[in-house]
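In what follows, a structure is listed as C-alpha cells, so that the remarks can point back to it.
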Amino acid sequence: MKQIQLTMTIAEIIKEYPETREVFVNNGFAMFNDDEIIQELGILKWLGWDFIKNNDMKYLVETMNETFMKVYRAGGKGVCN
C-alpha cells in the first residue's frame, strides 16, 4: 500500500485514494463533497509531535471551539475578513 505524501494536496489525495472522501465527509468535512472546494484546498498541515507534546490540547480545542462559535454567531465568514 502506498503512503500519502505530506506534499500531496487534498485533491490529489482524494484522486489517488477515492475512499478518503467518505472518511472526510463522515467526520465533519461535508464540504469535501464539492469538487470545486477540494480543488481550492492545499495540503494537509500536521502540527507535529513536539507541538502536541508541549501544549495543552484540551485547552487548545476548547479555545478554538469557543472562537469558532463566537465568529459563527457574529455572522460567519465576513467577520474574519
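Just a few scattered comments:
Residues checked against (1) of a type in the set (Val, Ile, Thr); (2) modelled with pLDDT under 90:
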residue: Glu19; (1), (2): no, no
residue: Glu22; (1), (2): no, no
residue: Ile43; (1), (2): yes, yes
residue: Trp49; (1), (2): no, yes
residue: Asn54; (1), (2): no, no
residue: Asn65; (1), (2): no, yes
residue: Tyr72; (1), (2): no, yes
residue: Gly75; (1), (2): no, yes
residue: Val79; (1), (2): yes, yes
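- Only one of Ile52, Ile43, Ile37 that is in contact with a strand residue (DSSP E or B) (Cβ under 9 Å, 6 or more places away or on another chain) and surrounded by 11 or more Cβ atoms within 10 Å (Cβ to Cβ): Ile43
- Considering region 24-41, the residues that are in a loop (DSSP other than H, G, I, E, B) and over 15 Å from Met8 (Cβ atoms) include one that is modelled with the lowest pLDDT, namely Gly28.
The values are calculated or read from the model by the stated rules, or taken from the named source; none is laboratory data. Predicted model, so just to flag it, every value in this text is computed and none were measured. Counting neighbours? That spans all protein chains shown, and the Cβs are built from the backbone with ideal geometry, glycine included.
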